[in-house]
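Notes follow once the structure below has been shown.
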Amino acid sequence: MSAIQIGNDVFEYDLQGGDDAEVLLFSNSLGTSLALWDEQASYFSSRYRVLRYDTRGHGLSVKSPGPYTIEQLGTDVIRLADALGIEKFSFCGISMGGLIGQWLGVHAPGRINKLALCNTAALLGTRQAWLERAALVRGQGMEPVAQATPARWFTPSYLEKHGEQAERYLNMLRQTDVEGYASCCEAIGNADMREWLSQVQAPTLILTGTHDPVTTPADADDMARRIARNTRIDVDASHISNVEAAGQFNQALERHLAQS
């Protein structure tokens, strides 16, 4: 893991793989860190230059005052790539990271080789619900959200069989900076990409979990109707599909990246 200062901001990142390989950049979900992508980093780093980072407000990255916007979080990705001398990359984001990916696909098309938008939506929930969640954590800390999260992130079967692993990711949520989390809630609540997605030019994988109650298959179908060059896939998982169905997730992403 490394830290890089970009202007007044510091970002935590991990970069592994061959210097001459194509860059594959992963963006985490709300309430997690770059460690969310451990399985993917291990799987892809023999063929790609894998870049992971902690989103603003998360992990060891900058915790600037909010509210944040998706434009700000997307611009952070470009700033990080510029600082590391990376011109073009393929981008895989899950949940909030998928919203960031949508913004990049629309506003930075020249930087993107291929997109993977996972367990996300063009409009993720309602603005009011996100503002209420931001107020909740500011008032009561992360524990109320953490208590309600297992059933949203993982299927009952996964929680029963892999409870210890699931707890690792839930602990990431508990340890997330309150203000950083709340500020990202506000960014999600104010993001509506529905009228913009027709501008996405990059070949795009649209993936969700069959059992995802947060960003449903219907949400993924809606994005697929709006993005011309898409591949649409469901995996047998809930919201954090890259963990619960890592094998299916990795294979789907690998096939997408390999397509000409």
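The values are calculated or read from the model by the stated rules, or taken from the named source; none is laboratory data. Just so you know, these numbers come straight off a predicted model, no measurement behind them. With ideal geometry, Cβ positions are generated from the backbone for all residues, glycine too; neighbour counts draw on all protein chains shown. All accessible areas refer to the heavy atoms of the entire protein, side chains included, with ligands and DNA or RNA removed. Shrake-Rupley method; radii C 1.70, N 1.55, O 1.52, S 1.80 Å.
Quick rundown of the values:
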quantity	calculated
Average accessible area per residue (Å²) across the range 88-160 - probe 1.4 Å, nucleic acids and ligands excluded	36
Most to least packed among 221-233, 66-78 [average Cβ atoms within 10 Å]	66-78, 221-233
Cα pair distances of the range 171-260 binned at 5 Å [whole percent]	3, 13, 17, 19, 21, 17, 9, 2, 0
Accessible area of the chain belonging to carbon and sulfur atoms, whole % at 1.4 Å probe	47
Geometric extent, Cα atoms of the range 39-142 - Rg, Dmax (angstrom)	15.0, 45
Candidates per GluC sites (Glu not before Pro) in the range 108-216, loop by DSSP, up to 14 other Cβ within 10 Å	GLU195
Rotationally averaged projected area of the chain (alpha carbon convex hull; nm²)	12.2
Rounded to the nearest 10 Å², the accessible area of LYS63 at probe 1.4 Å	80
Rounded accessible area of MET193 (nearest 10 Å², 1.4 Å probe)	10
Rel. contact order, % - alpha carbon contacts under 8 angstrom, at least six apart, the chain	21
Amide H contacts of VAL235 (H built 1.01 Å from N, under 5 Å, at least 5 apart or other chain)	THR208, GLY209, THR210
Hits among aspartates and glutamates - C-alpha to C-alpha of LYS114 under 13 Å, sequence gap 8 or more where chains match	GLU22, GLU254
Partners for LYS63 among aspartates and glutamates (Cα-Cα distance below 18 Å; same-chain residues under 8 apart left out)	ASP9, GLU12, ASP54, GLU71, ASP76, ASP177, GLU179, GLU186
Radius ratio Rg over Rh of the range 105-175, counting only Cα atoms, Kirkwood formula for Rh	1.08
Interatomic Cα distance distribution for the range 64-111, bins of 10 angstrom, percent	26, 57, 16, 0
Hull volume in cubic angstrom per residue (convex hull over the Cα atoms of the range 1-50)	86
Ellipsoid equivalent to the range 27-74 - semi-axes via the Cα gyration tensor, in Å	24, 11, 8
Relative contact order, percent, the range 28-138 [alpha-carbon distance under 8 Å, six or more residues apart]	22
